Amino acid sequence: MLLPNLVIAPSENRGRGVFTTKNIPADTVIEISPVIELSQKERKQIEGTKLYHYIFEWGKSKRKAAMALGYVSMYNHSFEPNCEYEMDYENATMTIRTIKNIRKGEELYFSYNGDPTDKTPLWFETT
């Protein structure tokens, strides 16, 4: 499930990102996407490629990885996110939900730390 008003467009200084063409109220599910689960071995292989920047740690131990389909891997990071994601390991899906009202034309962000309140520096900010 993907809301039809979501689009991929250029994001200033970030490559591409996910934007909305309509206002979206807080607490709206905007996407439910299947994921492709990767074993620990497959995750290691991906870590040497560009795909590394688009996978999510997966599973309760966080040793596996997942490649989300849909737009999930295109959302940019913010420490002031307007969305959050939820992982459903049993059904192999990720759900994106708004946590703030979002205006038409705005970019949608979530925290790559998984928790909208977690301000821990990210791997690409420390190198």
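The values are calculated or read from the model by the stated rules, or taken from the named source; none is laboratory data. Just so we're clear, the structure is a prediction, and the values are computed from it rather than from any experiment. Cβ sites come from the backbone with ideal geometry, for glycine too, and all protein chains shown count toward neighbours.
Under 8 Å between Cβ atoms, which residue pairs at least 6 apart in sequence (or on different chains) link something in region 33-45 that is part of a helix (DSSP H, G or I) with a partner that is among the aliphatic types (A, V, I, L, M)?
Cβ pairs passing all conditions: Glu42/Ala65; Arg43/Ile55; Arg43/Ala65.
From the set of residues in region 52-81 that are hydroxyl-bearing (Ser, Thr, Tyr) and surrounded by 15 or more Cβ atoms within 10 Å (Cβ to Cβ), which is farthest from Asn5 (Cα to Cα)? It would help to see each step written out before you state the result.
Here is the first cut: in region 52-81, the ones hydroxyl-bearing (Ser, Thr, Tyr) are 52, 54, 61, 71, 73, 75, 78.
The next check asks that each one be surrounded by 15 or more Cβ atoms within 10 Å (Cβ to Cβ); those that pass are 71, 73, 75, 78.
Numbers: Tyr71: 12, Ser73: 17, Tyr75: 15, Ser78: 21 Å.
Per the criteria, the residue is Ser78.
Select from region 82-106 the residues that are surrounded by 13 or more Cβ atoms within 10 Å (Cβ to Cβ), within 11 Å of the chain's Cα centre (by Cα) and either closer than 16 Å to Thr28 by Cβ or basic (Lys, Arg) (or both) and list them in ascending order.
Looking only at region 82-106, we keep the residues that are surrounded by 13 or more Cβ atoms within 10 Å (Cβ to Cβ), and these are 82-85, 87, 89, 92-102, 106.
After this cut, where a residue has to be within 11 Å of the chain's Cα centre (by Cα) as well, the list is 83-85, 87, 94-97.
Residues satisfying the conditions are Cys83, Glu84, Tyr85, Met94, Thr95, Ile96, Arg97.
With closer than 23 Å to Ala9 by Cβ, at pLDDT below 95, in contact with a Phe, Trp or Tyr (Cβ under 8 Å, 6 or more places away or on another chain) and among the polar types (S, T, N, Q) as the only criterion, which of Ser33, Ser78 stands out?
Working: Ser33 fails: at pLDDT below 95.
Going through Ser33, Ser78 in turn, the sole match is Ser78.
Contact list please: Cβ distance under 6 Å, first residue in region 101-126 and under 21 Å from Pro10 (Cβ atoms), second residue among the small types (Gly, Ala, Ser) and modelled with pLDDT of 95 or more, pairs at least six apart or on different chains.
Sorted first by the residue in region 101-126, then by its partner, the pairs are Glu107/Ser11; Glu107/Gly17.
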